[in-house]
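A short write-up of the structure that comes next.
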Amino acid sequence: MSDVILDIRNLTKIYPGGLKALDDVDLQIRRGEIFALLGPNGAGKTTLIGAVCGLVRPGSGTIHAFGHDMLRDWRKVRGRVGLVPQELSTDMFEPVGRAVAFSRGLFGRPADPARIEEVLRSLSLWDKRDEQIRNLSGGMKRRVLIAKALAHDPDLLFLDEPTAGVDVELRRDMWRQIGVLRGQGVTVILTTHYIEEAEEMADRVGIIRGGRLLMVDDKQAMMARLGRTEAHITLCDPPAVLPPEITRYPVRLEGNDLCYRGGDGSGLGKSEVADLTKALIASGIDYTAIEIRESSLEDIFVDLLEKQA
């Protein structure tokens, strides 16, 4: 597994009072991928990121990044790791440009005004470079955090709820920026409540609940394996009892609607729905409308959490 740049094994964190925030977590991150970590509030997402970034000391387990033990050799890898925290934490009286340039120097990188300008322009902050951070809107302050994390050109970037509470424009800017980083070979790990972000950008998805990783898989493989097709067929005159030719499909009758839910996310469901409509016609059951939809990543996420509840 030479392409693995982050290797987490048996990671556990128990806070005073007995809260187990991480419970024997194993996770391997590949070079250049975008990995989305999904989970409800309190699932352990921020604790996991904090442990990797040296902000939280785990109780047990190991973390290796770029071949180094991060608990022992953090100084050797800190310049290659960037973090956009969930909370706004920066000097509010500092001008934007100076704050971002200082962040680059903090990680031992030489001054590079051209690179700072490039980062600021990519986040629509160049015109705000002389403004004190305290005078910016909430969305612009979030952009400053992102700029500070990118200033030292990290190889591994953590985004902890990067678009929480921000406008749609910033969210789209972030998506574009992450696309650029992917093209540059940067590895990105993000947590998000906006599951469409994971569906849009991630190569792989992990689902965490109660400090335990419930599943880690390639996004497309997960959707193919756990996805479903749903169809709602509006019947003209529903029969009192559905004939066996219809009940052999995964259907239920709700008033005038015949509801189908089946398949596996690979297209089998659509094929079955087509066969189902033919069976309806052959059985003399007319319908007036049909609506078909495929599972989204959010559907899979919600279903999995409900099963684990």
**Residue that is among the hydrophobic types (A, V, I, L, M, F, W, C), under 16 Å from residue 190 (Cβ atoms) and in contact with a Phe, Trp or Tyr (Cβ under 7 Å, 6 or more places away or on another chain), where the choices are 38, 6** = 38
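In the range 210-226, which residues are in a strand (DSSP E or B) and surrounded by fewer than 20 Cβ atoms within 10 Å (Cβ to Cβ)?
Applying the first criterion (in a strand (DSSP E or B)) to the range 210-226 yields 212-218.
Within the range 210-226, 212, 214, 215, 216, 217, 218 qualify.
Which of the residues spanning the range 110-130 are in contact with an Asp or Glu (Cβ under 7 Å, 6 or more places away or on another chain), surrounded by 15 or more Cβ atoms within 10 Å (Cβ to Cβ) and not in a helix (DSSP H, G or I)? Don't jump to the end; show me each part of the working.
Initial filter on the range 110-130 (in contact with an Asp or Glu (Cβ under 7 Å, 6 or more places away or on another chain)): 123-124, 126.
Filter once more, so that each one left must be surrounded by 15 or more Cβ atoms within 10 Å (Cβ to Cβ): 123, 126.
Result: 123, single match.
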**Request:** Select, from 115, 143, the only residue that is at pLDDT 90 or above and among the charged types (D, E, K, R).
**Result:** 115
**Message:** Just to be sure I understand, how many residues within the range 212-260 are without any contact (Cβ under 8 Å) to a residue 60 or more places away in the chain and under 30 Å from residue 45 (Cβ atoms)?
**Reply:** 6
**Fill in**
Counting only strands (runs of 3 or more DSSP E) wholly inside the range 12-100, the ones holding at least 2 residues that are assigned by TED's automatic domain parsing to the domain that holds residue 209 and within 25 Å of residue 140 (Cα to Cα) are 34-38, 81-84
**Asked** Checking residue 284 against (1) out of contact with any strand residue (DSSP E or B) (no Cβ under 9 Å at 6 or more places or on another chain); (2) small (Gly, Ala, Ser); (3) buried (at least 18 other Cβ atoms within 10 Å of the Cβ), which single condition isn't satisfied?
**Response** (3)
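Out of the residues in the range 138-170 meeting the condition of being acidic (Asp, Glu) and under 20 Å from the mean Cα position of the chain (by Cα), tell me which one is surrounded by the fewest Cβ atoms within 10 Å (Cβ to Cβ). I'd like the intermediate steps shown before the answer.
Here is the first cut: in the range 138-170, the ones acidic (Asp, Glu) are 153, 155, 160-161, 167, 169.
Next, from what is left, pick out any that are under 20 Å from the mean Cα position of the chain (by Cα): 155, 160-161, 167, 169.
Details: 155: 18, 160: 22, 161: 20, 167: 13, 169: 10.
Once the filter is applied, the top-ranked residue is 169.
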**Message:** Can you tell me which condition residue 99 does not meet? The list is (1) touching a helix residue (DSSP H, G or I) at 6+ places or on another chain (Cβ under 6 Å); (2) hydrophobic (A, V, I, L, M, F, W, C); (3) crowded, with 20+ Cβ neighbours inside 10 Å, and all the others hold.
**Reply:** (1)
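The values are calculated or read from the model by the stated rules, or taken from the named source; none is laboratory data. All figures in this text were calculated on a predicted structure; none of them were measured in a lab. When we count neighbours, we look across all protein chains shown, and the Cβ atoms used for this are built from the backbone with ideal geometry, even at glycine.
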